[in-house]
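Notes for the one structure printed next.
The values are calculated or read from the model by the stated rules, or taken from the named source; none is laboratory data. Computed from a predicted model, the values in this text were never measured in an experiment. Cβ: placed from backbone, ideal geometry, glycine included. Neighbour counts: every protein chain shown. With ligands, DNA and RNA removed, areas are computed over all heavy atoms of the protein, side chains included. Shrake-Rupley method; radii C 1.70, N 1.55, O 1.52, S 1.80 Å.
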Amino acid sequence: MPNNKVLIADDDAHIAELIKLYFEKDGFTTVVADNGKKAVELFKSEAPSIVILDVMMPEMDGWQVCREIRRVSNIPIIMLTAKGETFDKVLGLELGADDYMVKPFEPKELIARVKAVLRRSDTKEATAEKEIVFPNLTINLSNYELKISGNIVEVPPKELELLYFLASNPNRVFTREQLLEEVWGFDYFGDSRTVDVHIKRLREKLEEVDSNWQLKTVWGVGYKFEVR
């Protein structure tokens with residue numbers, strides 16, 4: 001991997017050290033922050049390839065750090081939470097996180113998720129230009145750019161990948177499980193609610209942009225990119 005630096009942000013020294021040891025044993029470089037403010041500083045100075053971000057931290061919590069990073073970067077972010085509530089998971093995804101894990105977890109599973117994200121990232125960089133154009137909508141998967149009515153719109157990587165996949169297969173209905181498999185990959189450990197959250201966020205951006213197409217729910221089945 002050309003860049004295998006992992007930023008670990010967790011104020012629990014024991015957990016941070018455990019994650020650090022496992023990743024370094026697997027050949028990764030690590031930098032560690034014990035609070036949210038330091039995490040943002042290290043993100044800017046160290047240019048990691050992925051961020052592992054605890055939700056509950058002093059000075060700035062994980063939600064605030066995620067917002068700050070998403071303002072300037074689409075770097076993959078995996079959230080860690082000690083809670084299992086759906087609210088935590090959904091909020092993290094809505095803020096632009098790519099995945100989440102609930103403590104306690106197996107470090108090997110976390111490494112597997114990170115490797116999966118980085119593999120897909122490497123594949124994206126190696127592929128030729130991929131662009132889909134519809135009226136008032138341009139989805140470019142080469143430079144991860146979304147244009148709506150001619151204006152560039154900031155969008156997290158997974159939202160763009162999901163939209164690109166659906167728009168690449170117009171009028172075809174996909175179940176949530178199929179979308180998880182196609183967009184997140186076989187090694188995704190999350191649940192189908194992840195798809196719902198990303199669709200919701202995309203709809204907020206695409207609502208009433210053009211009458212020629214829409215993201216449509218097919219009740220009891222899944223979703224499709226409908227072209228009229």
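Laid out as a table, the results:
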| read-out | value |
| --- | --- |
| Most fluctuating residue given options L18, L206, L215, as computed from a GNM of the chain linking Cα atoms under 10 Å | L18 |
| Cβ-based charge dipole, the chain, positive-most Cα from L179, S192, N169 | N169 |
| Where the chain is the region considered: accessible area per residue in Å², 1.4 Å probe | 49 Å² |
| Given charges at Cβ of Lys, Arg, Asp, Glu: the chain dipole, positive-most of M57, V102, H14 | V102 |
| Estimated dipole of the chain in Debye, rounded to 20 [Cβ of Lys and Arg +1, of Asp and Glu -1, Cα centre] | 480 debye |
| Global form of the stretch 1-49, assessed from the alpha-carbon gyration tensor, a/c cut-off 1.5 | oblate |
| Reachable lysines from K200, criterion Cα separation under 22 angstrom, eight or more residues apart if same chain | K89, K147, K158, K216, K224 |
| The chain, accessible surface, carbon-and-sulfur percent (1.4 angstrom probe) | 49 percent |
| Förster radius 22 Å - calculated FRET efficiency between S168 and V221, Cβ distance, rounded to 0.05 | 0.75 |
| Area of E109 that stays accessible when all protein chains are in place (1.4 Å probe, Å², to 10) | 60 Å² |
| For the stretch 139-228, average projected area of the Cα convex hull in nm² | 5.8 nm² |
| Gaussian network model of the chain, Cα within-10 Å springs - most flexible of I132, I19, I75 | I132 |
| 9 Å beta-carbon shell around G222, net charge (K/R +1, D/E -1) | +1 |
